[in-house]
1. Dividing the Cα radius of gyration by the Kirkwood radius, what Rg/Rh value follows for region 245-293?
2. If each residue of separation counts as 0.36 nm, what is the full-extension length gain between Arg229 and Ala252 once their alpha-carbon separation is subtracted?
3. What order, most packed first, do the peptides 261-269, 10-18, 124-132 have when packing is the mean number of other Cβ atoms within 10 Å of each residue?
4. Can you tell me how much longer the chain between Gln181 and Arg56 gets when fully stretched, taken as 0.36 nm per residue apart minus their C-alpha distance, in nm with one decimal?
Amino acid sequence: MALARAITAAENETPEGAAILASIQPHLGRALVVGITGPPGAGKSTLTSALITELRRRGHRVAVLAIDPTSPISGGAILGDRIRMSEHSADPGVFVRSVASRGQLGGLSPTAARVIDLMDAAGNDTVIVETVGAGQSEVEVAQIADVKVVICPPGAGDDIQAIKAGILEIADILVVNKADQAQATNTASQLRNMVALRSDDSADVPVLLTTATQGKGVAELVDAIEARRGRDDPDTRATRIRGRSRRQLAEALARDVAAFVRSGSDPAIEELCAELEGGTLGLDEALRRVRGLI
């Protein structure tokens with residue numbers, strides 16, 4: 001309950017939330033952050049639930065941050081990912097939070113890094129971040145996750161083509177879920193061929209087959225994730241935590257500047273907008289002058 005309330009305070013950007021986020025900084029770095037991404041229909045939520053089962057069997061405390069898409073029309077979100085994980089609702093070693101993307105591109109929500117920090121500081125061993133699943137632009141998870149797992153459904157070459165230009169390149173582990181379907185083995189072969197074209201060490205990117213509904217291949221996936229945990233040295237983790245903090249600062253600044261410009265409260269901004277609209281001022285010069293006002 002305390003973690004849930006802290007997340008709410010942080011998401012709402014209350015003074016209490018700011019004080020909590022400041023106080024937890026010395027307690028960050030314990031949890032391994034696992035990003036689960038991939039196209040819609042790949043079975044991300046079902047596989048995440050299976051991962052929770054296996055991690056709990058190994059004695060891990062697990063927190064899950066599930067990002068749901070926000071409607072561009074109503075602004076609402078179903079927040080339904082937790083339904084697929086309801087079997088863990090009575091387990092005190094599992095915490096699941098669904099949040100809305102709030103229109104954020106890249107697969108995460110604007111407050112995702114804050115929520116991850118709170119889950120980390122709460123003493124969880126593993127934090128799983130399940131992204132929206134919107135497609136190949138969904139690469140923000142690479143900036144906050146220690147291990148990036150890209151899930152792909154069985155299918156023809158066009159299905160792989162749809163994701164390779166973006167999220168395929170960020171993968172530490174590639175998973176073909178629904179491996180009981182006929183095309184799964186062929187899809188796995190296609191993925192292995194494609195990662196061989198990567199400029200980095202593709203031999204270090206395993207391609208695994210899972211059937212989440214039956215729990216098949218899940219233990220092997222957790223083994224691969226745990227192998228990544230063992231490689232992380234303190235300096236690497238500290239650098240990643242600093243990166244999360246830098247990302248939070250940059251996003252907060254961007255929101256504040258955007259709100260300042262949209263508010264229309266500064267006559268100088270209104271004058272700039274009028275000049276832009278009239279074509280007497282270029283965008284680059286307007287940006288330079290806005291920087292001088294902030």
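Only the coordinates and a few stated rules stand behind these numbers; no lab work does. As the structure is a prediction and not an experimental result, all values here were calculated from the model. A quick note on method: Cβ atoms are made from the backbone with ideal geometry, for glycine too, and the neighbour counts reach across all protein chains shown.
1. 1.05
2. Result: 5.3 nm gained on full extension.
3. 124-132, 10-18, 261-269
4. On the way: separation 125, 0.36 × 125 = 45.00 nm, distance 2.76 nm.
42.2 nm is the gain from fully extending Gln181 to Arg56.
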